[in-house]
Structure formats: structure tokens, C-alpha cells
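A quick write-up on the structure given underneath.
No lab work stands behind these numbers, since they all come straight from the coordinates. Remember, predicted model here, so these are calculated numbers, not experimental data. Ideal geometry is used to build each Cβ from the backbone, glycine not excepted, and the neighbour counts take in all protein chains shown.
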Ligand SMILES: Cc1cc2nc3c(=O)[nH]c(=O)nc-3n(C[C@H](O)[C@H](O)[C@H](O)COP(=O)(O)OP(=O)(O)OC[C@H]3O[C@@H](n4cnc5c(N)ncnc54)[C@H](O)[C@@H]3O)c2cc1C
């Protein structure tokens, strides 16, 4: 874009990850003249991954944040179905459930509490979902019986999605309606303009910063007190041909997720310190080895892809969503960290509501920028 073709927009979105794409999708539906800038290629950051676990928070100790995610996980099923129908792209969504093996006897008491809490907290869902305790694997070697000496919990609410499927579908849906500029890293000037690499400026009534690990740097002129840290993660895809209805297995931080094509995604590592955020190393090999031990059903299936990226963990841990106080027109929508694929659409609905004049979405107090700026929620 050059000075000559600069134009004004209702909305500018900085960042083409899953959050920015849901923002753009909903902005299209709201009829906003929207532009999206992506520094590299669409969904080439943390959203370009393999895993796609949609894991509900534990139903015990319920509070606003868990309610937000709960409602998001319910809505996602219908929103993805609509997206698939529109684009004819398979998003790889399935509510396959989740098995959490119990390795110690004391887990049994906690498991009972979780099952009881699920019966209460999940009761408002349009369908009946439950968590229960099993003493043996529901499928042989998924997981290995030795992995659950004290049984396991199983639920039918957890789901999975293909990250690349959903971002491809969102991209296809917005193309032609939203002006998309890839390979265009923008900066935000103090007078609320987007500065492009060629020095030209773009203006928009509202700007949503959803730039993953760069979000806080971009917002520095407006809210220097907000910050976070990039956490590296690594995952892999195994070339299995397993039943795609197998439940997600999660043990000791290791996930196994069978996708629609029968391949199994395994992950993830979580590294605060690293030299290169985008290369895989022995830590991923350890996870793959553990995954083969947890679920021997994957056998010695070859690894077809290894992948690493950086996801933003804001200080205060929770996502940040909504207008930046005292800076009219500047909004933030970032920091879903490990659960973003399950809540990105609802984060987008919430940030867009005041921009598009839609019904406000209830945001947990800890997600609201003013509370975080004023340290009502202490960074952890
Ligand atoms: C190994 C691993 C496994 C994971 N597993 C899961 C999982 O199972 N379930 C789940 O829900 N989540 C998972 N996550 C987390 C999830 O992938 C991320 O939280 C999510 O993708 C973040 O999306 P985003 O849109 O906020 O950020 P990103 O996808 O990082 O998008 C931000 C975009 O902004 C662009 N950008 C940055 N600066 C600028 C600029 N100045 N101008 C223009 N564009 C800019 C970047 O290029 C990037 O594309 C995992 C992450 C990793 C690394």
C-alpha cells in the first residue's frame, strides 16, 4: 500500500492469527470496512500448529473465567459448523472427550469432586455432558492400563479442532470482504495511525491489536504497564491411521489427539528459556517418546512433522480483551495462551461488541484492561 492508495477504515486488525481472523470474520458479518495486517503469512505464528486441544477448565472452583470458557466451548461447535458450511473447508472439529489418567491414589478423591462439580457447572449446556471415573481404558492401549493404576476421569465435553483447518476456513471466509495485507508489519503511532513498512499511514476508527508475542510492544505508547512473556512450545504429528473418535489423552503435560485423517498430534513442551523459538529439539523427542509409552496404540508410527512456535503469556496470565482506557479507538485482544483455539471467537465477539454496536459479552474482570493496568489483578 502506498500513500496514494491510503484509505480510511472502520476497523484495522493487527495480526492474522486465530484471534485476528475471528475478529475479521465477525467484523465482516457486522458490515465493517476492515483491513487486516499480518507481518508474515496468515496463521504463520502460534496459530499455525498441529495440536488443537479444546480442553475445558476443571469444573471445581468455578468462577467467571471458567464460565467464559465454558460458554465459548459450547458456542464454538455451532460457529465452526457454520464456517464449514460456508467455506466447505473441514475444520477438524469433534467433541471426542478426554481421558485424564490418575497416577496417584489421592487423585481419586479429587476425581470424585471434579465429577460432582461437572454435574453442577456443565448442567446449563444445551446438551448433557458429564465427567465420570473409569478403572480401565475404554480402548486398549489408549492409554496403556499401566498409566492409570488408580483409574482415570473421562468426560464427553472436551473436543479437538484442526488449527490449520479453522484458520484456512476463516481466511477463505474473509477474503474479498476484508482487505488483507500479508508480509506487512505495522507499527502504531501515538496519534493512532498504522505505519506501514513503506512509511505510509493508514487510519481507522478502531484498531484491534492481536499480534501475539508482539502485542505489548505495539501497545507500549498507550499502556506501557502491560507486558507478557513468550513461551516456546513444540509439537509433532505422527503418521498413524487411528480411529478419529478416540478421546484426547492428557497425562503429565503430554497430549495425544487423533485428528480426522487418523493422524495423531502429540505435544507440547513449554519453555520459558530458549535460544530459538522456532526450531524443535530433544525436548520434543522426549514428548514423542512419552506419548508412545502413554498410548502404545500409536506404535512406532513415523513423525511426519515437527513444529515449534511462541505463544504469549501475559503477566497476570489471563487474556486481555477490550478497549484500552483513555485511548479511544485502541483495543487489545490477546493472551489466550494454551486455550486460545477454544475461546478466540468469544474474545473476538467481546472486543468487537462496542465497535460494532453489538450486545456486550460478559468479560471476566481479570480479562479487562483497566483492571490489569490498575493492578487489581496481581501479576503471577
Ligand atoms: C506447541 C503449541 C501447542 C499449542 N496447543 C494448543 C492447543 O492444543 N489448544 C489451544 O487452544 N491452543 C494451543 N496453543 C496456543 C495457541 O496456538 C495460541 O495461543 C494461539 O495460536 C495464539 O493466537 P493469536 O492469534 O493470539 O497469536 P498468533 O497466532 O501468534 O498471531 C499473531 C500474529 O500477529 C502477527 N504480527 C505480530 N506483530 C505484527 C505487526 N507488527 N504487524 C502485523 N502483524 C503482526 C504475527 O506474525 C502473527 O501471525 C499451542 C501453542 C503452541 C506453541
With springs only between Cα atoms under 10 Å apart, run a GNM on the chain and tell me which of 90, 179, 191 wobbles the most. 191
Taking 183, 327, 171, 250 and counting other beta carbon atoms within 10 angstrom, the fewest-first order is 183, 327, 250, 171
Connecting C-alpha atoms closer than 10 Å in a GNM of the chain, tell me which of 112, 193, 127 has the biggest fluctuation. 127
Specify the angular offset, from 0 to 90 degrees and rounded to the nearest 10, of the alpha carbon long axis of helix 340-356 from the longest principal axis of the alpha carbons in the chain. 30
Report, in deg cm²/dmol and to the nearest 500, the calculated mean residue ellipticity at 222 nm for the chain, where each DSSP H run with n ≥ 4 adds -39500 (n - 2.57) and the sum is divided by the residue count. -8500 deg cm²/dmol
Provide the percentage of antiparallel DSSP beta bridges, counting only those with both residues in the chain; round to the nearest 5. 70
Tell me the angle of helix 18-29 to the major Cα principal axis of the chain, expressed in degrees between 0 and 90 and rounded to the nearest ten. 60
Arranged by the count of other C-beta atoms within 10 angstrom, fewest first, what order do 330, 361 take? 361, 330
Give the separation of the Cα centroids, region 119-190 to region 14-70, in Å. 12
Rounded to 10°, Cα long-axis angle of helix 163-174 versus longest principal axis of the chain: 30
Mean separation of Cα contacts under 8 Å (6+ apart) over length of the chain, as relative contact order %: 23
State the dimensionless ratio Rg/Rh of region 229-380 (Rg: radius of gyration of Cα atoms; Rh: Kirkwood radius). 1.07
Euclidean distance between Cα centres, region 224-257 to region 76-95, Å: 21
Identify which of 19, 248, 80 has the largest mean-square fluctuation in a Gaussian network model of the chain, with springs joining Cα atoms closer than 10 Å. 80
Under the Kirkwood approximation applied to all pairs of distinct alpha-carbon atoms, what is the hydrodynamic radius of the chain in Å? 21.5
